[in-house]
Amino acid sequence: MSDPSRGRAERVELRSKLNSEFGSERAAAYAQQSGFSARPLESGAHAVESSFASAEPLGKRRVHASAASHATNPRSDGNARTSEFYPAHVLHPRVIHGQLHESVKKPLRVMKFGGTSVGDASCIQRVIEIVRAAVHECDLVVVVSAMSGVTNKLVEAANQADAGNHESVAAIFEELRERHETAANVLISSHEKRQMIVDTIQARVQEGARLCEDAILRRDVSAQVRDAISGLGERLSAPLVAAALAERGVPCEAIEATELVVTDSRHGAAEPFMDLTRECCEARLRPLLLRGIVAVVTGFIGATVEGVPTTLGRNSSDFSGTIMGAALDADEVILWTDVDGILTADPRLVPGASSILEMSYREASDLADLGAKVLHPKTMHALMLQGIPLAIRNTFAPERPGSKITSDGSSRGAGVRALTGSNDAALITVRAAKVSDTPNILRRALATIAAVPVELRLAPQYSAAQDEISLVVPSALAATTLHALRKEFTSDLACGMIRALALESDVALVTVIGDKLFGAGGLVGRILHALSCESISVLARSQGSSRSSFTFVVAQRDMKAALVAAHRELQLTASTVSGLSL
Ligand code: ADP
Ligand code: ASP
Ligand code: MG
């Protein structure tokens with residue numbers, strides 16, 4: 001099995017050798033010709049979704065090394081997609097000659113800053129300090145979210161356009177313009193440079209307002225237009241952050257990820273085509289890295305092969321960060337957020353939650369899949385194949401270590417690592433008259449659910465008496481699923497073979513996460529006891545398919561109390577690893 005970290009170390013060494021032997025332009029060309037750009041290592045320890053691993057669209061657009069130079073990418077339609085490309089004097093104000101080649105000896109890091117980290121001018125100042133400190137130690141690509149709350153406003157604008165409300169649309173864009181301009185006024189001191197960023201802000205805001213007005217006229221907000229509108233937040237924040245970095249002497253360039261992340265056309269939840277994305281990143285970002293220029297890339301967005309803008313799903317800038325990391329074969333990806341890394345539970349729900357220093361990819365993936373907002377569920381997909389470590393750190397306390405996620409996680413005795421709660425679920429129970437009928441009922445129920453289609457939130461469970469099956473589905477699809485099951489089981493219900501088919505709408509999942517949870521020990525019993533002491537009933541429970549999680553289904557109103565009680569029982573506050581097993 002090849003060692004991913006060694007592979008990367010070799011590539012870093014090659015990068016520095018290239019730099020010392022060639023000028024930066026030639027180094028870039030050589031690097032690209034020589035296959036210096038990394039490909040996923042075959043030895044990935046975990047399976048990933050197929051579209052990520054292998055699917056490629058029929059190659060309408062190929063980006064070759066020769067296209068590596070500046071702000072455009074060739075497209076099949078012949079139209080170039082340009083990025084926010086500032087004149088050198090704006091974004092490279094204090095570049096010291098000779099500084100350019102120095103950076104290629106350094107490790108490569110991708111730093112993604114979330115919405116609260118770029119929420120206003122004072123937050124952006126902190127980002128700048130972090131980046132300024134980092135550029136001394138590493139080559140850097142920065143990925144930014146929209147300012148906190150901005151994407152919600154843009155989604156609201158699209159909804160108002162759908163409802164034909166001109167005034168509401170105009171008010172939202174005016175508010176967004178004002179918010180970004182206020183930040184620009186604080187961050188950029190020179191009149192000329194401030195005017196440039198203000199012009200950019202105004203152009204973006206006008207673009208959004210126009211998209212909404214056109215949609216009102218057409219009486220239709222298509223998924224494609226929704227993506228174009230909701231992606232504007234990152235297209236506002238990236239140039240703002242880049243301008244602020246330039247103001248503080250960091251050579252940088254704002255780049256729209258529509259130039260870099262090539263996706264399928266599932267608007268609102270697009271998947272990247274990694275081979276094409278890798279080619280675009282190599283062509284567009286590598287030359288900047290070799291010149292010591294920090295790319296400030298928009299999170300959340302991408303574009304299809306034809307260049308149609310897409311979004312990767314709400315909260316997906318984490319994923320954008322790791323896509324960049326994988327595409328460039330970075331040495332590390334760091335997600336900067338508003339908490340001290342991954343905690344033993346959501347600190348908004350469990351006040352005593354503590355930071356977890358190390359975690360495995362699998363633990364972090366489980367945590368994200370099962371509802372922890374700190375990581376987008378797809379965040380780990382890109383990194384796991386290449387063994388690239390992920391760190392989660394606090395923009396507002398950069399001196400704290402945060403969390404490190406690697407393939408192995410902590411070498412210390414594993415056990416319960418964290419708890420997570422997720423409350424947008426519904427529980428459907430099917431009760432058979434005879435226990436012997438339940439396997440067949442389950443088989444038919446699963447086929448019906450797959451045809452809807454609905455993805456179960458938990459593995460189906462039999463009751464202790466084996467006559468009842470519990471199925472947990474997303475709230476939004478509960479009624480549709482129940483309807484489909486009623487149809488499937490109409491005659492079974494009529495003849496009494498099925499005694500009951502019931503829906504409990506407002507349930508929550510409380511999940512215990514940790515590698516090697518399953519050994520001797522009575523963790524389930526202890527949690528059940530702790531919950532019953534708080535008079536919380538467990539409606540169903542289930543072992544996760546990866547065997548690194550165990551979920552209790554409770555009423556939604558009990559979720560917070562259940563998390564607090566389980567957290568206390570497992571003593572997660574005092575230590576980052578309880579050492580308990582199931
Ligand atoms: P960003 O905008 O930086 O991406 P998010 O708001 O998406 O930040 O995610 C960070 C938030 O995730 C935290 O403020 C916290 O409330 C929430 N969260 C949920 N579960 C956890 C957890 N286990 N550890 C840390 N934060 C968590
Ligand atoms: N701005 C996007 C959202 O709010 C993506 C992100 O911030 O992660 O969903
Ligand atoms: Mg987030």
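The values are calculated or read from the model by the stated rules, or taken from the named source; none is laboratory data. What you are looking at is a predicted structure, and each value in this text was computed from that prediction instead of being measured. Every residue, glycine as well, gets a Cβ built from its backbone with ideal geometry; the counts of neighbours run over all protein chains shown. The protein model used for the area step is the full one, side chains on, heavy atoms only, and it has no ligands, DNA or RNA in it. Shrake-Rupley method; radii C 1.70, N 1.55, O 1.52, S 1.80 Å.
Between Ala494 and Arg314, take the C-beta separation as r, use R0 = 51 Å, and let me know the FRET efficiency to the nearest 0.05.
0.75
Please list 232-244, 476-488, 364-376 highest first by mean number of surrounding beta-carbon atoms within 10 Å per residue.
Listed from highest to lowest mean packing, they are 232-244, 364-376, 476-488.
Counting pairs of alpha carbon atoms under 8 Å apart in space and at least six apart in sequence, what relative contact order in percent does region 437-576 give?
For region 437-576, the relative contact order is 22 percent.
Solvent-accessible area per residue for region 117-237 at a 1.4 Å probe radius, Å²?
So region 117-237 comes to 43 Å² accessible per residue, rounded to a whole number.
Calculate the length of the line joining the C-alpha centroid of region 116-173 to that of region 462-500, in whole Å.
Comparing the Cα centres of region 116-173 and region 462-500, I get a distance of 44 Å.
Which is farthest toward the positive dipole end of region 216-261 among Ala223, Leu260, Pro239, measuring Cα position about the Cα centre, with Cβ charges +1 (Lys, Arg) and -1 (Asp, Glu)?
Of the candidates, Ala223 comes out farthest on the positive side.
So how much slack lies between Arg444 and Thr182, counting 0.36 nm per residue of separation and subtracting their Cα-Cα distance, in nm?
88.5 nm
Show me the ranking of peptides 525-536, 176-187, 329-340 by mean Cβ neighbours inside 10 Å, starting with the highest.
329-340, 176-187, 525-536
Can you give the charge dipole size of region 433-569 about its Cα centre, rounded to the nearest 20 debye, using +1 on the beta carbon of Lys and Arg and -1 on the beta carbon of Asp and Glu?
Charge dipole of region 433-569: 160 debye, to the nearest 20.
Just to verify a number: FRET efficiency for Arg547 and Glu137, C-beta to C-beta distance, R0 = 41 Å, to 0.05?
0.60
Mind checking region 334-436 for GluC sites (Glu not before Pro) that DSSP puts in a loop (not H, G, I, E or B) and that have at most 10 other Cβ atoms within 10 Å?
Passing sites in region 334-436 are Glu399.
At Gln206 and Glu534, where each label point lies 7 Å from the Cα along Cα→Cβ, what is the point-to-point distance in nanometres?
Result: 5.4 nm between the two label points.
Roughly how many Å² is the accessible area per residue of region 346-442, as a whole number, for a 1.4 Å probe?
36 Å²
At R0 = 35 Å, how high is the FRET efficiency between Arg218 and Ala476 if r is their beta carbon distance? Nearest 0.05 is fine.
0.85
Would you kindly state how much longer the chain becomes between Glu175 and Glu455 on full extension, computed as 0.36 nm times their sequence separation minus their alpha carbon distance, in nm to one decimal?
97.0 nm
With every protein chain left in place, what is the accessible area of Asp120 in Å² (1.4 Å probe, nearest 10)?
Here the residue's solvent-accessible area equals roughly 70 Å².
Given a 1.4 Å probe and every protein chain left where it sits, what share in percent of the accessible area of region 399-452 is carbon and sulfur?
Roughly 50 percent, rounded to a whole number.
Calculate, for region 246-305, the solvent-accessible area per residue in square angstrom, rolling a 1.4 angstrom probe over the heavy atoms of the protein chains.
Result: 16 Å² of accessible area for each residue.
Going down the list Lys106/Lys153; Lys434/Lys560; Lys153/Lys193; Lys112/Lys560; Lys404/Lys560; Lys373/Lys434, which pairs span over 32 Å between their C-alpha atoms?
Lys106/Lys153; Lys434/Lys560; Lys373/Lys434
When the chain is fully extended, how far beyond the present Cα-Cα distance does Glu192 get from Val524, taking 0.36 nm per residue of separation?
113.1 nm
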